[in-house]
1. Quick one: what are the phi-derived ³J(HN,Hα) couplings along the stretch 14-23, Karplus 6.51/-1.76/1.60 with θ = phi - 60°, whole Hz, x for glycine and proline?
2. What distance in nm separates the simple spin-label points at ILE76 and ALA52, each placed 7 Å from Cα in the Cβ direction?
3. How about LYS67: which lysines have a C-alpha closer than 21 Å to its C-alpha, ignoring those fewer than 8 places off in the same chain?
4. Roughly speaking, what is the stretch gain from THR96 to VAL27, that is 0.36 nm per residue apart minus the C-alpha to C-alpha distance, in nm to one decimal?
5. Would you kindly state how much longer the chain becomes between SER38 and GLU8 on full extension, computed as 0.36 nm times their sequence separation minus their alpha carbon distance, in nm to one decimal?
Amino acid sequence: MFKVINGETFLLVIGVLLTWLIFVLGVAKLAKFYLCMSQARREVDTNLTGIANQLNKMQTIMAELLKEQRRTSRLIADLTDLKKAEMTGEYEIIETPIDSNSTPAQAQEEA
């Protein structure tokens, strides 16, 4: 009724079982690696979104600083030109007429 298993058949069965076990363990390791990479991808996407938001804020701040720097440079250039004109006597006096009906305090406020 039962066949006698010879040594070659027994070794073949053991080899098949070991090969199957190695294959299953490899697939399990690959699935674990895939899950880890998927989680890492989500974290990286979240971090990149946060970094993009921070860079956008920095760009806005830098644009404001650039505008302020341009305004400051323009004012410094105007002051430098004014001082140069005062030193050389090349400045222009602009006279504004004063209303005869206004008081001196009102004239200073208008100027």
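1. Result, rounded to whole Hz: 4, x, 5, 4, 5, 4, 4, 5, 5, 5.
2. Placing both labels 7 Å beyond Cα along the Cβ direction yields 3.8 nm.
3. Leaving aside lysines fewer than 8 places away in the same chain, those within reach of LYS67 are LYS57.
4. So the extension gain works out to 15.8 nm.
5. Separation in residues times 0.36 nm, less the Cα-Cα distance, equals 6.3 nm.
Laboratory data are not the source of any read-out in this text; all were calculated from the coordinates shown. Being a predicted model, the structure only gives us computed values, none of them experimental. Don't worry about glycine lacking a Cβ; one is built from the backbone with ideal geometry, like all the others, and counts go over all protein chains shown.
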